[in-house]
Amino acid sequence: AKKMEALAQANEALKTGANAAPAIDKQNATEKPLKVLVAEDNITNQMVLEALLKSTNVEYEIVENGRKCLDRVSEKHFDAVLIDIKMPVMDGVEATLKIRANERRENKQRLPIVALTANAMAHQIEKYEAAGMDGCIAKPYRVEDLIDTLHGAIKASKSGAAETPNLWHSQRAVG
């Protein structure tokens, strides 16, 4: 029953994001696909993200906790990370803090990290920023927010910008 519910939610998410997908594909058809690591423990959310990302020019890999995210980032190049906040083993904030510490220690380029969360109140977002996250996408996800935020974070990272403005898509979660 849970799997059927997850499939129904993923299907609905794909329908919701389907209108934006063709424009995104055409826009990025000649660009190299973005390589994105997704850290998300919830199977339903994994399926929703998979459905949304399949409709875009993004190559993705999914891991189920922050520890595995930290390991994969050290093993392989990614253009960005989408990371859930609440996960078992290691949460998204702790994983981000460790990734940022490793970047400083190894003098690596900053990897764009975007929070995926239902917890997007102002005080929570301040915590994510303080940990070194570059943006936040509130659940429920929209394909436009995913793509805009990923591209914005990557562009800011490549330009060496200290901050990545307008990447905090939390208005739907507040209220």
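We did not get these values from a lab; they are worked out from the coordinates using the rules stated. Note that this is a predicted model, so its numbers are computed, not measured. We place every Cβ from the backbone using ideal geometry, glycine too, and count neighbours over all the protein chains shown.
Please compute the length gained on full extension between VAL89 and LYS32, using 0.36 nm multiplied by the number of residues separating them and subtracting their Cα-Cα distance.
Numbers: separation 57, 0.36 × 57 = 20.52 nm, distance 3.31 nm.
Once the chain is fully extended between VAL89 and LYS32, it gains 17.2 nm.
Cross-link pairs exceeding 20 Å between alpha carbons, from the set LYS76/LYS158; LYS98/LYS127; LYS35/LYS127; LYS32/LYS76; LYS54/LYS108: LYS35/LYS127; LYS54/LYS108.
The trypsin sites (Lys or Arg not before Pro) of region 74-110 that meet both conditions, a loop assignment by DSSP and at most 14 other Cβ atoms within 10 Å of the site Cβ, are LYS76, LYS86, LYS108. Modelled spin-label separation between SER74 and ALA130, with each label point placed 7 Å from Cα along the Cα-to-Cβ direction: 2.6 nm.
Here is the P(r) of region 64-105: all C-alpha pair distances, binned every 10 Å from 0, give 31, 61, 8 in whole percents.
Per-residue Karplus couplings for region 38-49, computed as 6.51 cos²θ - 1.76 cosθ + 1.60 with θ equal to phi - 60°, are listed in order as 10, 10, 8, 8, 7, 4, 5, 5, 4, 5, 5, 4 Hz, Gly and Pro entered as x.
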